[in-house]
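Taking it in order: structure first as structure tokens, then the write-up.
The values are calculated or read from the model by the stated rules, or taken from the named source; none is laboratory data. Remember, it's a predicted structure, so these values are computed and weren't measured experimentally. Neighbour counts run over all protein chains shown; Cβ positions are idealised from the backbone, glycine included.
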Amino acid sequence: MEPKPKVKPARLSAGRAGPKGGKTASKKTTARAKKTVKKVKPTFEQIQARAFEIYTEKGNQGSEVENWLQAEKELVSQ
């Protein structure tokens, strides 16, 4: 049986310079840093207060459900 020949791993041309000056592979995540946005759900009290503000802005008229949904939508998008 013949011995297996030693094969060096191929170097990739993309990436940063390695310790010997050659190029090595780099992670794509470093090139494309992702922003992590933490979405915070508004509390019941915050939605309630904003829904009341909407209600009073409309001249104490309108649907409670519509005011609530509008308040929730506004607070979530902030």
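When the residues of region 55-68 are narrowed to those that are surrounded by 14 or more Cβ atoms within 10 Å (Cβ to Cβ), more than 12 Å from Pro42 (Cβ to Cβ) and not hydroxyl-bearing (Ser, Thr, Tyr), which ends up modelled with the lowest pLDDT? Residue satisfying both the conditions and the ranking: Gly62. For region 48-77, the set of residues classified as touching a helix residue (DSSP H, G or I) at 6+ places or on another chain (Cβ under 6 Å) and among the hydroxyl-bearing types (Ser, Thr, Tyr) consists of Tyr55 only.
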